[in-house]
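Visitor: Before we start, here is the structure in question, set down as structure tokens.
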Amino acid sequence: MSTSEPYLKKHVLICIGESCGPQHGAAVRSALKTELRARNIRQFYRDGECTCLGLCRDGVNAVIWPEGTYLAGVTPSDIPRLVDYLEGKSAPLTDLVGRASEKIEIKKQSKK
Ligand code: FES
């Protein structure tokens, strides 16, 4: 790797905050870590945690960096296709992105 290449290709932050944590946020993060290790790609795509993305309720929320894609309602069963997406092997996660987009739109409207 040259020094101009990014340290990571993508970093996925799984929320374990007051709303997402009790909805199995840690289990989602654990499933992500396990999947990345199983595929031997954790040096390129990294799991992480955050405490609140401001999109609380209705499931575990997450964000993919550096692209800034927000996901909502993520469950451990979503992880294989999430990692497929990270690797460019599948289409965008329209259902998870769509749920997050709805929440973001409501937040934006409430600020007006
Ligand atoms: S606690 Fe997860 S978005 Fe707020």
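Visitor: Just one of Val60, Val83, Val74 is near the ligand (Cβ under 9 Å from one of its atoms) and either within 18 Å of Ile16 (Cα to Cα) or modelled with pLDDT of 95 or more (or both); which is it?
Guide: Working: Val83 fails: near the ligand (Cβ under 9 Å from one of its atoms); Val74 fails: near the ligand (Cβ under 9 Å from one of its atoms).
Checking each option against the conditions leaves just Val60.
Visitor: Another question, if that's okay. Would you please list the contacts, defined by Cβ atoms under 6 Å and residues six or more apart or on different chains, that run from a residue in segment 39-53 that is more than 14 Å from Ser19 (Cα to Cα) to a residue that is within 16 Å of the ligand (Cβ to nearest atom)?
Guide: The qualifying pairs are Asp47/Val12; Asp47/Arg29; Asp47/Leu32; Gly48/Leu13.
Visitor: Give segment 12-30 a look and list any residue that's out of contact with any strand residue (DSSP E or B) (no Cβ under 9 Å at 6 or more places or on another chain) and either more than 7 Å from the ligand (Cβ to nearest atom) or among the basic types (Lys, Arg) (or both), or say none. Give the steps one after another, and end with the answer.
Guide: To start, the set of residues in segment 12-30 that are out of contact with any strand residue (DSSP E or B) (no Cβ under 9 Å at 6 or more places or on another chain) comprises 18, 22.
Of everything in segment 12-30, just one residue is out of contact with any strand residue (DSSP E or B) (no Cβ under 9 Å at 6 or more places or on another chain) and either more than 7 Å from the ligand (Cβ to nearest atom) or among the basic types (Lys, Arg) (or both), namely Pro22.
Visitor: Restricting attention to segment 39-57, and to residues there that are more than 7 Å from the ligand (Cβ to nearest atom) and in contact with a Lys or Arg (Cβ under 7 Å, 6 or more places away or on another chain), which single residue is farthest from Arg29 (Cα to Cα)?
Guide: Filtering first and then ranking leaves Phe44.
The values are calculated or read from the model by the stated rules, or taken from the named source; none is laboratory data. Note that the coordinates shown come from a computational prediction; the quantities given were computed from them, not determined experimentally. Reconstructed Cβ throughout: ideal geometry from the backbone, glycine too, with neighbour counts over all protein chains shown.
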